[in-house]
Amino acid sequence: MALTANTILICAGGACISSGEESVKQALEREISKYALQDVVRIVETGCMGACSLGPLMVIYPEGVFYQKLTPKAAQEIVEEHLLKGRVVEEYLYKGPTGEIVPQVAEKLPFFSRQVRIVTRNVGFIDPKNIEEYIARDGYFALAKVLREMTSEEVIEEVKKSGLRGRGGAGFPTGLKWELTRKGTSQKKFVVCNADEGDPGAFMDRSVLEGDPHTVLEAMIIAGYAIGANQGYIYVRAEYPLAIERLNTAISQAREYGFLGSNIMGTEFSFDIEIRIGAGAFVCGEETALIASIEGKRGQPRVKPPYPAERGVWDCSTLINNVETFANIPPIILKGADWFKSIGTENSPGTKVFALAGKIVNTGLVEVPMGITLKELLYEIGGGSSTGKPIKAVQTGGPSGGCIPAQYFDTPVDYDSLQKLGAIMGSGGMIVMDEDDCMVDVAKFFLEFTVDESCGKCTPCREGTRQMLRILEKITSGEGTEEDLYELKALGETIKDTALCGLGQTAPNPVLSTLEYYRDEYEMHVKEKRCPALKCKDLTRYVIDESKCVGCTACARVCPVNAISGEVRKAHVIDNEKCVRCGSCIEVCRFNAINKVSP
Amino acid sequence: MSKIKSLEDLMKIKEKAVKDLQLRDTNTRGKITVAMGTCGIAAGAKDTLKAIVDALNDFNITDISVVQSGCMGLCEVEPTVEVRLLDCEPIVYGHVTPENARRIVKLHIVENQIVSDLLVRKGEI
Amino acid sequence: MSDTCATGGKLFKELDQFIEESGSTPDRLIAVLQRAQELFGYLSPEVQEHVAEKLKIPVSQVYGVVTFYNFFSTKPKGKYQIKVCLGTACYVKGGDRVFERFLEELGVEADEPTKDGLFSVHAVRCLGACSMAPVVLVGEQDFYGKVKPDMVSKILKHYSERGA
């Protein structure tokens with residue numbers, strides 16, 4: 001019989017490492033090479049598997065057998081028995097929390113097993129272009145229940161009872177929003193889905209729209225029934241062509257099956273949905289700006305109140321929720337508010353979808369119960385740093401959010417805790433940064449974004465953010481003074497208090513939060529003219545290590561400004577007057593002879 | 001398709017669709033799902049899809065259907081592919097380049113072996 | 001762009017047809033401009049005037065909307081538009097260096113087409129494929145993930161060989 005290839009996943013989470021994972025791994029490698037199994041057995045170190053108290057842990061695939069409390073001796077036995085003879089070694093089998101033997105428990109990587117999937121319940125499982133697959137997973141049953149058994153008041157009551165809060169950022173109670181819109185005085189009413197996911201680093205909504213478009217449609221129809229609207233709009237950004245395509249398909253299928261149009265499912269209720277495509281303006285994520293854009297105008301926000309619930313699209317009462325908020329609605333209706341409240345925390349029930357990106361092993365999309373700590377999210381699910389350097393901070397909430405430093409990673413993720421740290425939940429983008437990321441530079445990056453995207457209507461945002469950016473540019477180019485740091489903070493706080501819309505008011509957050517947590521970095525830039533992360537170009541120099549340079553001339557040939565000189569086979573030098581710090585030389589050097597330094 | 005007028009109509013569709021999803025009463029032995037979200041496509045899922053279809057044709061396999069889905073979340077290992085054979089647990093593979101796609105068809109579909117070095121997940125969530 | 005009278009006239013006709021089918025109320029303005037840009041490549045003063053007339057709104061309003069949204073351009077773009085993502089994830093993974101390399105290799109400024117009209121390079125904010133950062137999108141369909149600066153010349157070559 002041919003040997004089937006095995007893969008051994010060995011947990012290299014913090015707990016397993018401290019309980020001796022390395023020596024177990026070495027023993028495995030030793031035994032495997034002893035029996036010449038290197039070509040058919042592969043060892044993979046994974047992030048934390050979650051059963052930390054039973055470590056070191058490993059799983060052997062393809063069988064999916066989970067072993068616990070390993071020692072080098074155990075490793076030897078397992079190689080001889082399991083890998084060579086195909087016999088499971090009972091002694092080390094994972095026993096589970098109650099002690100019974102659970103032979104094949106590790107079907108799921110922690111990346112999956114730690115997740116609770118409500119919003120993304122269908123994403124990746126069904127064919128988004130086939131409405132029947134959605135129906136197979138209870139799709140449109142919530143709508144049927146609402147239309148057959150519930151009054152609109154009861155629907156709103158259920159949503160209110162669930163405690164669901166808006167997933168777009170601010171966390172406004174969804175049920176209350178529905179109730180206010182229902183009480184709106186206009187004749188005609190509208191339901192709007194905000195799919196203008198403009199925060200850089202966030203792609204949860206895109207994933208739902210691409211993977212499960214019908215859930216958004218179903219929720220919007222339910223919302224229409226609850227507030228008394230017959231028309232809905234989905235405002236989706238032009239950058240998401242695939243999402244638009246799948247939504248279009250879904251809408252025409254829903255019409256064909258009678259979920260959209262007149263007399264839905266044989267009742268008196270009629271509702272239809274139209275897609276509006278954005279044209280690339282970040283501010284249109286703000287609800288009053290989005291309304292202006294739907295009307296075909298410049299997407300500029302206006303003063304609230306009146307809120308959209310009172311005066312929205314064409315001055316009619318309008319309900320605006322984002323994609324993720326809507327995706328929670330069908331499960332809440334089907335399983336009830338009490339079920340929903342049993343997940344998450346008291347003040348932030350349910351789950352939140354996060355987009356993990358940046359310097360993290362498992363980049364991707366995860367849905368976790370509210371209240372999980374950042375540590376669990378980043379290390380156990382995310383697998384920790386991908387660069388080998390420790391994680392320094394995580395940026396949440398995009399240009400409206402802040403940087404949370406590593407010492408606060410025990411903070412539970414919910415609306416109120418994050419706000420206390422000067423960050424926000426935002427739409428759910430989480431960008432992981434390590435020590436190579438300069439916090440002043442990151443703040444500058446977000447300010448550039450805000451300055452670019454400021455709609456220009458109110459002075460604090462239009463002029464204020466520009467001034468903040470100017471100061472940051474001064475600091476990163478080595479011209480900053482201590483006065484500037486004071487100035488930056490004062491300006492930021494003024495903008496926070498005086499800007500017209502939510503986006504303007506939160507624009508200083510990236511600067512204010514980094515100023516608070518990484519003031520030492522700002523001071524190094526200002527006082528010592530030094531960038532410890534070696535990111536700010538004007539504060540770094542490139543030097544060639546003479547002892548390592550062999551004079552291969554690769555760097556001199558690639559330099560776009562001819563700043564590198566030297567004879568063949570002799571050490572080269574970089575003229576830092578000419579150097580533009582593009583980094584091309586470092587990429588081509590095969591001897592690691594070129595370093596960046598900051599004085 | 002006539003419009004759905006009642007809960008009974010909806011139930012009927014669900015029953016049929018569940019059967020389709022579980023591959024019951026159909027002429028297929030299984031299906032391969034390629035995750036085709038934007039990340040997947042950026043990672044080359046279109047080439048993967050093509051390679052799978054080509055490989056199935058090369059082996060003259062006609063009882064396996066190839067479908068698309070959204071993103072399953074673990075973007076790091078894109079392109080991802082799920083293989084679901086009748087009466088077997090679904091298997092998710094990662095890093096499915098066109099070469100790996102051909103290997104999966106050859107080993108998993110033809111020879112009924114799990115390609116363990118590409119394995120990301122086994123079983124339902 | 002090839003604005004000879006014949007093709008220009010044909011494009012205007014197509015635009016008019018689109019307006020007729022999808023409605024000519026003022027709220028359709030953004031959709032109409034999107035279609036117009038697809039057809040003409042960019043929104044020249046003539047096109048803006050034409051749209052204003054069709055939707056019965058002042059040209060100033062059309063111009064106001066055109067200049068407000070990033071998606072609209074009043075200048076011609078390259079045949080292949082290279083959109084380099086500079087969202088946060090791409091930025092921390094070195095998207096800025098990819099962007100600079102494109103400009104360097106083509107010898108152009110951002111948003112400005114090359115002399116042969118083949119390429120133009122644009123910085124965009126988050127294409128939503130953050131896990132593949134840094135990401136580059138050429139045209140509307142061709143995604144490149146985990147792009148490194150030294151892949152730039154290869155990407156360009158692929159399209160310059162296809163030519164105009």
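With both labels modelled 7 Å from their Cα along Cα-to-Cβ, the A:K188 to A:V597 distance reads 7.0 nm.
Projecting the Cα atoms of A:Y257, A:P200, A:T318 onto the dipole axis of the range A:131-338, where Lys and Arg carry +1 and Asp and Glu carry -1 at the beta carbon, places A:T318 farthest toward the positive end. Reported to the nearest whole Å, the Cα centre-to-centre distance from the range A:230-293 to the range A:468-511 is 38. Taking the Cα atoms only, what angle lies between the long axis of helix C:152-162 and the longest principal axis of chain C, rounded to 10 degrees? Between helix and principal axis, roughly 50 degrees.
Rounded if a/c is under 1.5, else prolate if a/b is larger than b/c, else oblate: which is the range A:461-571, with a ≥ b ≥ c the root eigenvalues of its Cα gyration tensor? Since a/c reaches 1.5 and a/b is larger than b/c, the shape of the range A:461-571 is classed as prolate. Among A:327-338, A:202-213, A:580-591, the peptide with the highest mean count of other Cβ atoms within 10 Å heads the list, and the full ranking is A:202-213, A:327-338, A:580-591.
The residue among A:V526, C:L43, C:V65 whose Cα reaches farthest toward the positive pole of the charge dipole of the protein assembly as shown, with charges on the beta-carbon of Lys, Arg, Asp and Glu, is C:L43. Take the accessible area of B alone and of A alone, subtract that of the pair with a 1.4 Å probe, and the total buried over both chains is about 4000 Å². Computed over the range C:83-164, relative contact order equals 35 percent, with contacts defined as Cα pairs under 8 Å that lie 6+ residues apart.
Only Lys, Arg, Asp and Glu carry charge here, each on its Cβ (+1 for the first two, -1 for the last two); on that basis the range C:3-68 has a dipole of about 60 debye about its Cα centre. For the range A:469-599, a crude dipole built from +1 on the beta carbon of Lys and Arg and -1 on the beta carbon of Asp and Glu, taken about the Cα centre, is about 760 debye to the nearest 20. The listed residues A:R137, A:R246, C:R125 rank as A:R137, C:R125, A:R246 when sorted by accessible area, largest first, using a 1.4 Å probe.
Expressed as an acute angle from 0 to 90° and rounded to the nearest 10, what is the orientation of the C-alpha long axis of helix B:7-21 relative to the principal long axis of chain B? That helix lies at roughly 20 degrees to the long axis.
Using a cutoff of 8 angstrom between alpha carbon atoms and counting only pairs six or more residues apart, the relative contact order for the range A:131-338 works out to 31 percent. Taking every residue in A:414-420 and counting other chain Cβ atoms within 10 Å of its Cβ, the average works out to 0. When +1 charges are put on Lys and Arg Cβ atoms and -1 charges on Asp and Glu Cβ atoms, the dipole computed for chain C relative to its Cα centre reaches about 500 debye. Figure legend: label point modelled 7 angstrom from the Cα of C:D16 along Cα→Cβ; residues of the range C:44-71 with amide N under 20 Å from it are C:44-59. Quick check: Cα centre of the range B:36-82 to Cα centre of the range C:52-90, how many Å? Taking the Cα centre of the range C:52-90 as reference, the centre of the range B:36-82 is 35 Å away. Contact residues in the range B:63-93 by the 10 Å² criterion (accessible area, 1.4 Å probe, full protein complex versus chain alone): B:V67, B:Q68, B:S69, B:G70, B:C71, B:M72, B:G73, B:L74, B:C75, B:E76, B:E82, B:E89. Projecting the Cα atoms of A:C582, A:L378, A:I333 onto the dipole axis of chain A, where Lys and Arg carry +1 and Asp and Glu carry -1 at the beta carbon, places A:C582 farthest toward the positive end.
Shape of the protein assembly as shown from its Cα gyration tensor (a ≥ b ≥ c, root eigenvalues): rounded if a/c is under 1.5, otherwise prolate when a/b > b/c, or oblate? Since a/c stays below 1.5, the shape of the protein assembly as shown is classed as rounded. Of interest is the spacing of the C-alpha centroids, which for the range B:103-122 and the range A:409-445 amounts to 40 Å. Here the range C:1-130 has 52 percent of its accessible surface on carbon and sulfur atoms, given a 1.4 Å probe and all protein chains in place. The residues of the range A:131-338 expose, per residue, 30 Å² of accessible area to a 1.4 Å probe. The slack between B:E8 and B:R29, meaning 0.36 nm per residue of separation minus the straight C-alpha distance, is 4.6 nm. Backbone N atoms of the range C:56-97 closer than 14 Å to the 7 Å Cα→Cβ label point of C:E104 belong to residues C:95-97.
Peptides A:547-560, B:84-97, ordered by how many other C-beta atoms sit within 10 Å of their residues on average, highest first, read B:84-97, A:547-560.
Modelled spin labels at A:T387 and B:N57, positioned 7 Å past Cα toward Cβ, are 4.5 nm from each other. Left without a cysteine partner by the 4.7 Å Cβ rule in chain B: B:C71, B:C88. In percent, rounded to a whole number, the relative contact order of the range A:439-528 is 38, using alpha-carbon pairs under 8 Å and six or more apart.
Quick one: angle between helix C:95-106 and the longest Cα principal axis of chain C, in degrees between 0 and 90, rounded to 10, please. For C:95-106 against chain C, the angle is about 80 degrees.
Inter-chain Cβ neighbour count for A:248-261, averaged per residue, equals 2 (cutoff 10 Å, partner chain atoms only).
Summed over both chains, the area buried between C and A is near 3400 Å², taken from the accessible surface of protein heavy atoms with a 1.4 Å probe. The H on the amide N of A:G278, modeled in the peptide plane, is under 5 Å from the matching H of A:V236, A:R237, A:A238, each at least 5 residues off or on a different chain.
Each peptide in C:66-72, A:395-401, A:360-366 gets a packing score, the mean of other Cβ atoms within 10 Å over its residues, and the list from highest to lowest is A:395-401, A:360-366, C:66-72.
Here the calculated FRET efficiency for B:E15 and A:N347, from their Cβ-Cβ distance with R0 = 30 Å, stands at 0.15, rounded to the nearest 0.05.
Each label was represented as a point 7 Å from its Cα along the Cα-to-Cβ direction; for A:V558 and B:K106 these points are 3.5 nm apart.
Probing with 1.4 Å while keeping every protein chain in the model, the per residue accessible area of the range A:351-434 equals 24 Å².
Close amide H pairs (under 5 Å, H built 1.01 Å from N) link A:T373 with A:V413, residues at least 5 positions away or on another chain.
Peptide A:427-434 has a mean of 3 when you count, residue by residue, the C-beta atoms of other protein chains within 10 Å of its C-beta.
The values are calculated or read from the model by the stated rules, or taken from the named source; none is laboratory data. A quick note: this is a predicted structure, and the numbers were derived from the prediction, not measured. Glycine also receives a Cβ, built like all others from the backbone with ideal geometry; neighbour counts cover every protein chain displayed. Accessible surface areas use protein heavy atoms only, side chains included; no ligands, DNA or RNA. Shrake-Rupley method; radii C 1.70, N 1.55, O 1.52, S 1.80 Å.
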